[in-house]
1. Pick out the one residue from THR113, THR98 that is surrounded by fewer than 24 Cβ atoms within 10 Å (Cβ to Cβ) and either aromatic (Phe, Trp, Tyr) or in contact (Cβ under 8 Å) with a residue 24 or more places away in the chain (or both).
2. Among the residues of the stretch 35-63, what is the count of those that are in a loop (DSSP other than H, G, I, E, B) and within 31 Å of the chain's Cα centre (by Cα)?
3. What residue, among those in the stretch 6-34 that are in a loop (DSSP other than H, G, I, E, B) and modelled with pLDDT under 95, is nearest to the chain's Cα centre (by Cα)?
4. One residue is enough: does the stretch 205-212 have a residue meeting the conditions within 19 Å of ASN116 (Cβ to Cβ) and in a strand (DSSP E or B)?
5. When you look at ASP262, is it farther than 21 Å from GLY237 by Cα, at pLDDT below 95 and acidic (Asp, Glu), yes or no?
6. With respect to GLY201, determine if the residue is assigned to a loop (DSSP other than H, G, I, E, B), buried (at least 24 other Cβ atoms within 10 Å of the Cβ) and either at pLDDT 95 or above or assigned by TED's automatic domain parsing to the domain that holds GLY162 (or both).
Amino acid sequence: MPDSATFGVSSQTAISADIDLELANLTFDTGASAYTISTVKDLAISIQGGIFNNSGIHQNFVIQLGNRGVNGSIEFDGSATVDPNCIITCAAGATLYTGELGFNENSNAGEGTYINEGCAVPGAYGAHTDFGEQASAGNATFINNGGLSVQAAGGQVNFFYGSTAGNATFINNAGRAAQAYGGSTQLLGTDAGNATMIANGADVADALGGRIIFFETTHAANATLVANGGTNGGLGGTISFGDVSYGDNAIIQVFGNGSLEDVTYHVAPLSIGSLEGDGIVKLSADHALNIGANGLSTTFSGSIQGSNSIVKIGSGTLTLGGANIYTGGTAVIAGALKIGNESGSATGTGTVNVRRNSRRQRNHRWRNDDWNRERHGSFSTA
């Protein structure tokens, strides 16, 4: 059985782990001092039970940069979890190697705060946190900072098969220099749970925004996904779906030059819970975008672009208030589509069709005397 470590009141609060450690638990007693515990380069701390903070104050952990091809790391195994007021920072900087944090088996990020720093070297990785097996992000907060120089990568959180984003919050910040990459949250064959994921836009000219990326069979589940716009010539945050990922009931909000991208290699029609904001939607060249699965009524006044179509599904009302330029047409399968734009065409350049009887699968093109008809779908002007 691994040893446990307990911290109380001490005048020595800067602690460095200069050997690899395997711990059952790491505990801060009631009234304990505020500590900063660091891994020395290339060394690892493995925790099987969890970090328990009874001190009532912040306790800090820093995963130092690695060298010689080995990253410094903290690994959570078994059913380990992390209490509130624990802050773990994965460092990155002017080397090719970074701090690394891992959640394995049935471990849970609990209510901790995790910071993945962006790097300062072109082509190098930012610091990263990885979830595998049945691990969960719990109710934690993750901050992925952007790269610090041209083509430098941002910090990132990666979810792999079987893991889940839980109820956590992910803040993906933009690059800090021209052409620097933003922080990212990437999911591969897993699910986003009830998480909140935010991709912030850049405030530096030509810097890239934060990113939220769904790969393979990942489910967005009931997550809230936000892409904020950039300022001062900075690019907006992005939300991207690829492969056979699913939008499910996700609430998607895009603002300014922030964007939702149904990327061209997405191999099936993408359905999302709802869409709102004044940002940009880039349709796949291959498939329609279905909007409304969660039944919410929302307004989108941004720009929908691309050569494919929009399909309104679900019981809510989708109000389109922008001058859209998509060309594939619009269909209303369920709920209502409301048009509120003052210029251009809210439904792009294609036709608008409404399913009058879902059992018969009969569509018809809208004429003036069809407006405001309520069956399985309706179409109206504001």
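1. Details: THR98 fails: surrounded by fewer than 24 Cβ atoms within 10 Å (Cβ to Cβ).
Sole residue among the options that is surrounded by fewer than 24 Cβ atoms within 10 Å (Cβ to Cβ) and either aromatic (Phe, Trp, Tyr) or in contact (Cβ under 8 Å) with a residue 24 or more places away in the chain (or both): THR113.
2. Applying the first criterion (in a loop (DSSP other than H, G, I, E, B)) to the stretch 35-63 yields 35, 40-43, 54-58.
Filter again for within 31 Å of the chain's Cα centre (by Cα), leaving 35, 40-43, 54, 56-58.
Qualifying residue count for the region: 9.
3. Initial filter on the stretch 6-34 (in a loop (DSSP other than H, G, I, E, B)): 8-13, 18-20, 29-34.
Narrowing further to those that are modelled with pLDDT under 95: 18-20.
Values: ASP18: 35, ILE19: 35, ASP20: 32 Å.
Across the stretch 6-34, the extreme among qualifying residues is ASP20.
4. Restricting attention to the stretch 205-212, the residues satisfying the condition of being within 19 Å of ASN116 (Cβ to Cβ) are 207-212.
Next, only the ones that are in a strand (DSSP E or B) stay: 211-212.
There is at least one residue in the stretch 205-212 that is within 19 Å of ASN116 (Cβ to Cβ) and in a strand (DSSP E or B).
5. Values: farther than 21 Å from GLY237 by Cα: no; at pLDDT below 95: yes; acidic (Asp, Glu): yes.
No, not satisfied.
6. Numbers: assigned to a loop (DSSP other than H, G, I, E, B): yes; buried (at least 24 other Cβ atoms within 10 Å of the Cβ): yes; either at pLDDT 95 or above or assigned by TED's automatic domain parsing to the domain that holds GLY162 (or both): yes.
It is true that GLY201 is assigned to a loop (DSSP other than H, G, I, E, B), buried (at least 24 other Cβ atoms within 10 Å of the Cβ) and either at pLDDT 95 or above or assigned by TED's automatic domain parsing to the domain that holds GLY162 (or both).
Yes or no, residue by residue, for (1) surrounded by fewer than 20 Cβ atoms within 10 Å (Cβ to Cβ); (2) of a type in the set (Val, Ile, Thr):
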{"position": "GLU216", "(1), (2)": "yes, no"}
{"position": "ASN228", "(1), (2)": "no, no"}
{"position": "ASP243", "(1), (2)": "yes, no"}
{"position": "ASP248", "(1), (2)": "yes, no"}
{"position": "ILE251", "(1), (2)": "yes, yes"}
{"position": "VAL267", "(1), (2)": "yes, yes"}
{"position": "ILE272", "(1), (2)": "no, yes"}
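A quick yes/no check of all residues on (1) surrounded by fewer than 19 Cβ atoms within 10 Å (Cβ to Cβ); (2) at pLDDT below 95; (3) over 20 Å from the mean Cα position of the chain (by Cα):
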residue: GLY295; (1), (2), (3): yes, no, yes
residue: THR298; (1), (2), (3): no, no, yes
residue: SER307; (1), (2), (3): yes, yes, yes
residue: VAL311; (1), (2), (3): no, no, yes
residue: LEU318; (1), (2), (3): no, no, yes
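The values are calculated or read from the model by the stated rules, or taken from the named source; none is laboratory data. Owing to the predicted nature of the structure, the values given are computational and were not obtained by experimental measurement. All Cβ positions, even for glycine, are placed from backbone atoms using ideal geometry, and neighbour counts span all protein chains on display.
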